[in-house]
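Participant: Submitted below is the structure of interest, expressed as structure tokens.
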Amino acid sequence: MVVTRSTCTFVPGGAGRAIAVKAQEVTVDARVWVVCWLVLIGAITIDVTVSGVALSGSYGLAAVLAGALVTVRRTVVLGVAAVAASVLSFLWNDNFGSLEWGLRVVIAAALSATGIAIAAVSERREARLARMTLIADTAQRAILRAMPTAVRDVGFAARYVSAAEEARIGGDLYEVISTPYGTRAIVGDVRGKGLEAVQLAATVLGAFRRAGASVDHLTDVARELDVVVTSAAGLEDFVTAILVEFGPDGTLTVVNIAHMPPVLIDPTPGVPPQVLDTGDPVPPLGMHPNPTITRTTWGPGSRLLLYTDGTTESRDNHGRFFEVTAHGALLSQGSLEQALDRLVDALTRHVGHQLTDDVALVLAERRSDSK
């Protein structure tokens, strides 16, 4: 038996997406910064050129706008400029030392201080959100062990695409183990988000590693998982899962527990991908399912895609769902790693914006005995 483990690849919204998003944020921030200056300059211009109008007290509104949209440092710079312009407004309003001039300077200063306070609160909130996201993401990485590149005559690759939006880290999970009954795999999805979902996912994975290696029938493994989820989950929590046993003779044994059915990709040119019929739907783990077994075969070179619903429920700008079976050519060519990279790229292009749900992908390939 040969088991080689590789590092699991986490993709934060697609390959290179995090860098692209950060660059876009910097560009937007610079543009907003320019707009805020234009607001201040526009108010000063009107104040200078239009007789009978005194806007010096409103100069600080530019800092309020900046406080909601840019950094504290930039808001401070703009606020100081607004107050300074308000102080100098006597040059065109001819009211130096008057009560009106003093009140307008105070108003501009108060507005600028408000903008700075808004910016400070926003930065603290963003920093707290970043810490929460990092903690949840680190916890999720810790429970998903490195995916084996090969177990016996089956090759594997995995991808985890994190939506990572407002720290809403999900409970998608996967694992592959070698057992006396064959190579077994699980891909699942915990209802809910955040650290509670990650904790439940860790519990399911631990139960699968234990039961999957010691229980002979795959349906009994599912029942063991249901007992664990029922005892560990909250009243409204549940887990969907797909269990697969890869037999040495090319037999695929599948137990589907309210999950997305696998997609079988035949290496023969022109043969479309096939969504496996896994029987009638059953309740998820935690709701006492009575799962059944589906058996099929796959030949050398065939590939099997296991995935979570974040894949097929991703919509484009027209509301159309992502169709996995329409990308069979991407999944059948190149190495398993390259195939998943291409599928992730296709998914992010389809969505066109930040994913709203995490995506877990596992691609398996039946290799010949010589590999």
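The values are calculated or read from the model by the stated rules, or taken from the named source; none is laboratory data. Because the structure is a prediction, the values reported are computed rather than measured. Note: ideal-geometry Cβ built from the backbone for every residue, glycine included; neighbour counts use all protein chains shown. What goes into the accessible areas is simple: the full protein's heavy atoms, side chains included, and nothing from ligands, DNA or RNA. Shrake-Rupley method; radii C 1.70, N 1.55, O 1.52, S 1.80 Å.
Participant: For the stretch 1-56, give me each residue that is at pLDDT 50 or above, open to solvent by 70 Å² or more (accessible area, probe 1.4 Å) and outside any helix (DSSP H, G or I).
Facilitator: Across the stretch 1-56, the qualifying residues are S51, G52.
Participant: Inspect the stretch 67-88 for any residue being among the aliphatic types (A, V, I, L, M), farther than 20 Å from T114 by Cβ, open to solvent by 10 Å² or more (accessible area, probe 1.4 Å) and free of Cβ contacts under 8 Å to residues at least 40 places away in the same chain and give the result as yes or no.
Facilitator: Of the residues in the stretch 67-88, the ones among the aliphatic types (A, V, I, L, M) are 68-70, 72, 76-78, 80-85, 87-88.
Going one step further and asking which of them are farther than 20 Å from T114 by Cβ, we end up with 88.
If we keep only those that are open to solvent by 10 Å² or more (accessible area, probe 1.4 Å) as well, we get 88.
If we keep only those that are free of Cβ contacts under 8 Å to residues at least 40 places away in the same chain too, we end up with 88.
Yes, the conditions are met somewhere in the stretch 67-88.
Participant: Out of curiosity, is P267 open to solvent by 20 Å² or more (accessible area, probe 1.4 Å), part of a loop (DSSP other than H, G, I, E, B) and farther than 22 Å from A360 by Cα?
Facilitator: On the way: open to solvent by 20 Å² or more (accessible area, probe 1.4 Å): yes; part of a loop (DSSP other than H, G, I, E, B): yes; farther than 22 Å from A360 by Cα: yes.
In short, yes.
Participant: Since N95 meets every condition but one in (1) surrounded by 15 or more Cβ atoms within 10 Å (Cβ to Cβ); (2) modelled with pLDDT under 90; (3) under 30 Å from Y307 (Cβ atoms), which condition does it not meet?
Facilitator: (3)
Participant: OK, next. Only one residue in G319, G301 is over 20 Å from the mean Cα position of the chain (by Cα) and either outside any helix (DSSP H, G or I) or at pLDDT 85 or above (or both). Which one? Lay out the reasoning, then the answer.
Facilitator: Working: G319 fails: over 20 Å from the mean Cα position of the chain (by Cα).
Selected residue: G301, the only one of G319, G301 that is over 20 Å from the mean Cα position of the chain (by Cα) and either outside any helix (DSSP H, G or I) or at pLDDT 85 or above (or both).
Participant: Next question, about the same structure. State all residues of the stretch 215-231 that are open to solvent by 10 Å² or more (accessible area, probe 1.4 Å) and among the hydrophobic types (A, V, I, L, M, F, W, C); if no residue qualifies, say none.
Facilitator: At the first step, the residues of the stretch 215-231 found to be open to solvent by 10 Å² or more (accessible area, probe 1.4 Å) are 215-217, 219-220, 223-224, 226-228, 230-231.
Selection gives V215, V227, V228.
Participant: Considering only residues that are open to solvent by less than 40 Å² (accessible area, probe 1.4 Å) and closer than 23 Å to P148 by Cβ, look in the stretch 325-347 and name the one that is nearest to the chain's Cα centre (by Cα). Write out each step before concluding.
Facilitator: Quick first cut of the stretch 325-347, residues open to solvent by less than 40 Å² (accessible area, probe 1.4 Å) only: 328, 331, 336, 339-340, 343-344, 346-347.
Then drop every residue that is not closer than 23 Å to P148 by Cβ, which leaves 331, 336, 339-340, 343-344.
Details: L331: 22, L336: 22, A339: 20, L340: 16, L343: 15, V344: 12 Å.
Looking at residues that are open to solvent by less than 40 Å² (accessible area, probe 1.4 Å) and closer than 23 Å to P148 by Cβ, I get V344.
Participant: Which residue out of G234, G279, G212 is open to solvent by 10 Å² or more (accessible area, probe 1.4 Å), touching a residue at least 12 places away in the same chain (Cβ under 8 Å) and touching a helix residue (DSSP H, G or I) at 6+ places or on another chain (Cβ under 9 Å)?
Facilitator: Step by step, each of G234, G279, G212 is checked, and only G234 is open to solvent by 10 Å² or more (accessible area, probe 1.4 Å), touching a residue at least 12 places away in the same chain (Cβ under 8 Å) and touching a helix residue (DSSP H, G or I) at 6+ places or on another chain (Cβ under 9 Å).
Participant: Please find, within the stretch 145-172, the residue that is modelled with the highest pLDDT out of those that are open to solvent by 10 Å² or more (accessible area, probe 1.4 Å) and of a type in the set (A, V, I, L, M, F, W, C).
Facilitator: A150
Participant: Tally time: how many residues in the stretch 37-48 are without any contact (Cβ under 8 Å) to a residue 24 or more places away in the chain, in contact with a helix residue (DSSP H, G or I) (Cβ under 9 Å, 6 or more places away or on another chain) and either of a type in the set (D, E) or over 18 Å from S112 (Cα atoms) (or both)?
Facilitator: Adding up the residues that qualify gives 0.
Participant: Which condition number does P272 fail, the rest of (1) outside any helix (DSSP H, G or I); (2) surrounded by 14 or more Cβ atoms within 10 Å (Cβ to Cβ) being met?
Facilitator: Result: P272 fails condition (2) only.
Participant: Okay, moving on. Under 27 Å from A120 (Cβ atoms) and part of a helix (DSSP H, G or I) - does that describe any residue in the stretch 89-98?
Facilitator: No; the residues of the stretch 89-98 include none that is under 27 Å from A120 (Cβ atoms) and part of a helix (DSSP H, G or I).
Participant: Can you name every residue in the stretch 176-197 that is under 14 Å from the mean Cα position of the chain (by Cα), of a type in the set (G, A, S) and open to solvent by 20 Å² or more (accessible area, probe 1.4 Å)?
Facilitator: G192
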